[in-house]
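Following: one structure in structure tokens, then a few remarks.
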Amino acid sequence: MRILKNIVVSILILFFLISNSWSKSASEFIISLSAEASNILSGKLSEDEKIVRLKEIGKKSVDIDGVGLYTLGKYRKTLNDSQKEQYKELFENYFLKSFSSRLVGYTDAKIAVLSEEIKNEKYTIVFSKLIGTSERPEVKIDWRVYTKDPENPLIRDLVIEGLSLARTQKEEFNSILANNDGNIEVLFKNLNKFLEN
Amino acid sequence: MNRIITTLLALLLIQFMVVKKVYSEEGEVKDCFEKLNRATFALNMGLDKIIFKPISKGYRKLPSPIRTGTGNALNNLSNLITIPNNILQGDFGSAANNSARLLINTTLGIAGIFDPANSFGFEKREKEDFGQTLGVMGVGEGCYLVLPVLGPTTVRDTIGSLVAMNGGDVWHNITVRDDEEYVREFKESDYWVSRVASGVDFRAKNLEAFDAMEKSSVDLYATVRSLYLQDRKKKINNSSDKTEAMDDGDWDTLENQ
């Protein structure tokens, strides 16, 4: 009986340690990532250099392929393999350009991580805030971190003041597709146009 | 007569909204008048470019205390709509908190320019309106609409605005509707000045965010629609900490493929 009790206690301790290590890695991941981005943004690099560095951060810390597939919504199933490949490449370029151009204007961005919630083995939500300045109010930012591979956590969504960027992107792409009978080529055309500008 | 027409219009809109709720797919955006909405959106973007954005940029150049004071005064005024809606939603704690804030900030805070209520422990809470109250009562949002100048809304939120303009908004009553038996000092122009100032204050606070969104969007109309509808859902659920965006359901469909 005592052996059984010890086994149960050991499993509980092990579970606690594992879940604690997930939570720690997700928070630490966001802390180190935001510190890295903040250093780039406040540094003396030119805007083009900052964009290059921000793209590098985006590439290694965001699950771009996953977000890309998510944003296709119900149209995901309608793509053939070659269209999927083309979309994957276009979306990555679109995402990195959009992500870096949105961020590059924030020269004094400081993120404070507040807490986190481990939802399950796949997702941890990290709650944080962008510290306010005299020009800009404080902004709540929650990060959906994909922790399926605990050694390599990846961001899947940013929820700013309760508004999901991934969902917004999904509804934007779905609007284009819905207005063009689900024709993926029209979305490709729009993405290419965006990349050319 | 005016009230009868408004009531009839509201009933028709509710009926339309209920029908739409039944027939629309769950989770789909109900943009029943998309072509017209897109045209109105283009008009609003033009107006923004030549009127609202330049004014907001000018407003941003005012000293920070003036902008903060203006924002505080407008927030204080919004309590006149928030408090009755707190009560209608059964949130008596917030109603009491906001009433205390209104009383303290209007008097000690000099017409709401300063926020001494915060120091007395009455913290600022979320704004409420009649559209949100209808949402809390279970009324569906209905079709998405874009109104000239006023911007994005839904059928439900339009009904909420009609309720406010027909007796639900004390500030509207004492300015536009001339309910002079209580307060005589205010004119109709005060109401419109406060509405325009609210718009400019909001636009000025979001100048960079909107520019970034415009630059990075492939369909700005759909982006604004999505953000508006998400924001309203969040406000109706009063979910300042956890939002619908935190649900895994949407993401699980990706996992399972």
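The values are calculated or read from the model by the stated rules, or taken from the named source; none is laboratory data. Note that the coordinates shown come from a computational prediction; the quantities given were computed from them, not determined experimentally. Heads up, the Cβs are rebuilt from the backbone with ideal geometry, glycines too, and the neighbour counts pull from every protein chain shown.
So, in region A:168-185, how many residues would count as being closer than 21 Å to A:Y123 by Cβ and either more than 7 Å from chain B (Cβ to nearest Cβ) or surrounded by fewer than 17 Cβ atoms within 10 Å (Cβ to Cβ) (or both)?
Residues flagged as closer than 21 Å to A:Y123 by Cβ and either more than 7 Å from chain B (Cβ to nearest Cβ) or surrounded by fewer than 17 Cβ atoms within 10 Å (Cβ to Cβ) (or both) within region A:168-185 amount to 2.
Kindly indicate whether any position in region B:189-201 is closer than 25 Å to A:V159 by Cβ, part of a helix (DSSP H, G or I) and modelled with pLDDT under 95.
Let us first name the residues in region B:189-201 that are closer than 25 Å to A:V159 by Cβ, namely B:201.
Checking the rest, the ones that are also part of a helix (DSSP H, G or I) come to B:201.
This time we only want the ones that are modelled with pLDDT under 95, so: B:201.
Yes.
Name the pairs whose Cβ atoms lie under 8 Å apart, with the first residue in region B:131-155 and under 26 Å from B:M45 (Cα atoms), the second among the aliphatic types (A, V, I, L, M) and part of a loop (DSSP other than H, G, I, E, B), and 6 or more positions between them or separate chains?
If the second residue must be among the aliphatic types (A, V, I, L, M) and part of a loop (DSSP other than H, G, I, E, B), the pairs left are B:Y144/B:V29.
Does region B:206-230 hold any residues that are surrounded by fewer than 18 Cβ atoms within 10 Å (Cβ to Cβ) and charged (D, E, K, R), and which are they?
Residues satisfying the conditions are B:E208, B:D211, B:E214, B:K215.
Just one of the numbered conditions (1) part of a strand (DSSP E or B); (2) facing chain B (nearest Cβ under 9 Å); (3) of a type outside the set (S, T, Y) is not true of A:P137; which one?
(1)
Can you give me the number of residues within region A:42-77 that are touching a helix residue (DSSP H, G or I) at 6+ places or on another chain (Cβ under 7 Å), of a type outside the set (S, T, Y), farther than 18 Å from A:L165 by Cβ and within 14 Å of chain B (Cβ to nearest Cβ)?
The total comes to 2.
Against the condition aromatic (F, W, Y), touching a residue at least 24 places away in the same chain (Cβ under 8 Å) and surrounded by 19 or more Cβ atoms within 10 Å (Cβ to Cβ), how does A:Y106 come out, does it pass?
Details: aromatic (F, W, Y): yes; touching a residue at least 24 places away in the same chain (Cβ under 8 Å): yes; surrounded by 19 or more Cβ atoms within 10 Å (Cβ to Cβ): no.
Answer is no for this residue.
Filter region A:109-133 for residues that are of a type in the set (S, T, Y) and buried (at least 20 other Cβ atoms within 10 Å of the Cβ); which is farthest from A:R156 (Cα to Cα)?
Taking region A:109-133 as the starting set, the residues that turn out to be of a type in the set (S, T, Y) are A:115, A:123-124, A:128, A:133.
Within this subset, residues satisfying the condition of being buried (at least 20 other Cβ atoms within 10 Å of the Cβ) are A:123-124, A:128.
On the way: A:Y123: 9, A:T124: 10, A:S128: 15 Å.
Ranking the candidates gives A:S128 first.
Residue under question is A:F91, and the condition is that it be aromatic (F, W, Y), modelled with pLDDT of 90 or more and within 16 Å of the chain's Cα centre (by Cα); does it hold?
Numbers: aromatic (F, W, Y): yes; modelled with pLDDT of 90 or more: yes; within 16 Å of the chain's Cα centre (by Cα): yes.
Answer is yes for this residue.
Please verify whether B:D190 is of a type in the set (D, E, K, R) and at negative phi, treating the condition exactly as stated.
Numbers: of a type in the set (D, E, K, R): yes; at negative phi: yes.
Yes; evaluated as a whole, the condition is true for this residue.
Taking the criterion of being under 30 Å from B:K30 (Cβ atoms) and either aromatic (F, W, Y) or more than 10 Å from every other protein chain (Cβ to nearest Cβ) (or both), would at least one residue in region A:146-167 satisfy it?
So the first thing to find is which residues in region A:146-167 are under 30 Å from B:K30 (Cβ atoms), and the list is A:156-167.
In the following step, the residues that additionally are either aromatic (F, W, Y) or more than 10 Å from every other protein chain (Cβ to nearest Cβ) (or both) were identified as none.
Looking through region A:146-167, none of the residues is under 30 Å from B:K30 (Cβ atoms) and either aromatic (F, W, Y) or more than 10 Å from every other protein chain (Cβ to nearest Cβ) (or both).
Just one of the numbered conditions (1) at pLDDT below 75; (2) within 7 Å of chain A (Cβ to nearest Cβ) is not true of B:G249; which one?
It is condition (2) that B:G249 fails.
In this structure, does B:K205 turn out to be of a type outside the set (F, W, Y), closer than 30 Å to A:E135 by Cα and at pLDDT below 90?
Values: of a type outside the set (F, W, Y): yes; closer than 30 Å to A:E135 by Cα: yes; at pLDDT below 90: yes.
Yes: the conditions hold for B:K205.
Given the criterion surrounded by fewer than 20 Cβ atoms within 10 Å (Cβ to Cβ), under 30 Å from B:K30 (Cβ atoms) and not acidic (D, E), identify the matching residue among B:V170, B:V149, B:V155. Reasoning before the result, please.
On the way: B:V170 fails: under 30 Å from B:K30 (Cβ atoms); B:V155 fails: surrounded by fewer than 20 Cβ atoms within 10 Å (Cβ to Cβ).
When all the criteria are applied, what remains is B:V149.
In region B:107-166, which helices (runs of 4 or more DSSP H) lie fully inside it and hold 1 or more residues that are within 29 Å of B:K35 (Cα to Cα)? Explain how you work it out, then say what you get.
Details: elements: B:116-119, B:130-136, B:155-163.
Qualifying helices (runs of 4 or more DSSP H): B:130-136, B:155-163.
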